[in-house]
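Asks: One structure coming up, written as structure tokens, with questions to follow.
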Amino acid sequence: MTTQAQVSGRTMGASMAAGANLVALAGVGLIGYGVMFLIRNFAGFIELGLTPNHVGGTPEQIQAFSQNLYNYISHLQVALSGFIIALGIAVIALAMFGIRRGESWAVWTAFLAPVVAVGIALPLHFPFHIATLGHLGLIYLDAAILLIGTILSYRALKA
């Protein structure tokens, strides 16, 4: 028996609720990853799952080589963490206020925005040999949660 709730004049089944919750969980994952990224900048400098061998030196060596380069990398990491956190907030809002209302545009927007971000960011990890599981594993997990939530939500929309 499917549990249903009335949302904006439409019936939301358990599958839609589960899908929306999983998409929101993926958004929470993005926020968590962004916060970890931010913390790593100030406590360790080198991103999660990477070592000084991956980036060509320790934080201290990079700083000694060029304080300006160190500051530039730090500024990029802080800025990127802000965008990752903001993307997570947007995905949560789309899940809670769009997908739960049965809005197909919200399903696709919540799915495509992170997919575009990862699709642009991911490929350069491979030729630069920084595509370690420790570095990308959490993003892969988050992408899987997002995909499952999107599939559940899409199927519920079509039902």
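The values are calculated or read from the model by the stated rules, or taken from the named source; none is laboratory data. Please read these numbers as outputs of a predicted model, since none were measured by experiment. So basically every Cβ, Gly included, is an ideal-geometry build from the backbone, and we count neighbours across all protein chains shown.
Asks: Hey, any hits in region 93-107 for a residue that's touching a strand residue (DSSP E or B) at 6+ places or on another chain (Cβ under 9 Å), surrounded by fewer than 17 Cβ atoms within 10 Å (Cβ to Cβ) and part of a helix (DSSP H, G or I)?
Replies: Looking for residues that are touching a strand residue (DSSP E or B) at 6+ places or on another chain (Cβ under 9 Å), surrounded by fewer than 17 Cβ atoms within 10 Å (Cβ to Cβ) and part of a helix (DSSP H, G or I), one finds at least one in region 93-107, hence yes.
Asks: If you take the residues of region 51-66 that are assigned to a loop (DSSP other than H, G, I, E, B) and not β-branched (Val, Ile, Thr), which of them is surrounded by the most Cβ atoms within 10 Å (Cβ to Cβ)?
Replies: Among residues in region 51-66 that are assigned to a loop (DSSP other than H, G, I, E, B) and not β-branched (Val, Ile, Thr), the one surrounded by the most Cβ atoms within 10 Å (Cβ to Cβ) is Gly57.
Asks: Continuing with the same structure: Pull up region 39-50, narrow it to residues that are in contact (Cβ under 8 Å) with a residue 40 or more places away in the chain and part of a loop (DSSP other than H, G, I, E, B), then point me to the one that is nearest to His129 (Cα to Cα).
Replies: Among them, the one singled out is Leu50.
Asks: If Ala131 passes every condition in (1) assigned to a helix (DSSP H, G or I); (2) farther than 14 Å from Gly29 by Cα but one, which one does it miss?
Replies: Going through (1) assigned to a helix (DSSP H, G or I); (2) farther than 14 Å from Gly29 by Cα one by one, Ala131 breaks only (1).
Asks: Looking at (1) over 18 Å from the mean Cα position of the chain (by Cα); (2) in a helix (DSSP H, G or I); (3) without any contact (Cβ under 8 Å) to a residue 12 or more places away in the chain, can you tell me which one Ala79 breaks?
Replies: Of (1) over 18 Å from the mean Cα position of the chain (by Cα); (2) in a helix (DSSP H, G or I); (3) without any contact (Cβ under 8 Å) to a residue 12 or more places away in the chain, only one is false for Ala79: (1).
Asks: Additional query: Taking interchain pairs and intrachain pairs at least six residues apart, which have beta carbon atoms under 8 angstrom, with the first residue in region 56-72 and closer than 9 Å to Phe45 by Cβ and the second exposed (fewer than 14 other Cβ atoms within 10 Å of the Cβ) and at pLDDT 95 or above?
Replies: Taking only residues 6 or more apart or on different chains, the pairs are Ile62/Leu69.
Asks: I'd like to know if region 103-110 contains one or more residues that are under 25 Å from Phe42 (Cβ atoms) and charged (D, E, K, R).
Replies: Scanning region 103-110 turns up no residue that is under 25 Å from Phe42 (Cβ atoms) and charged (D, E, K, R).
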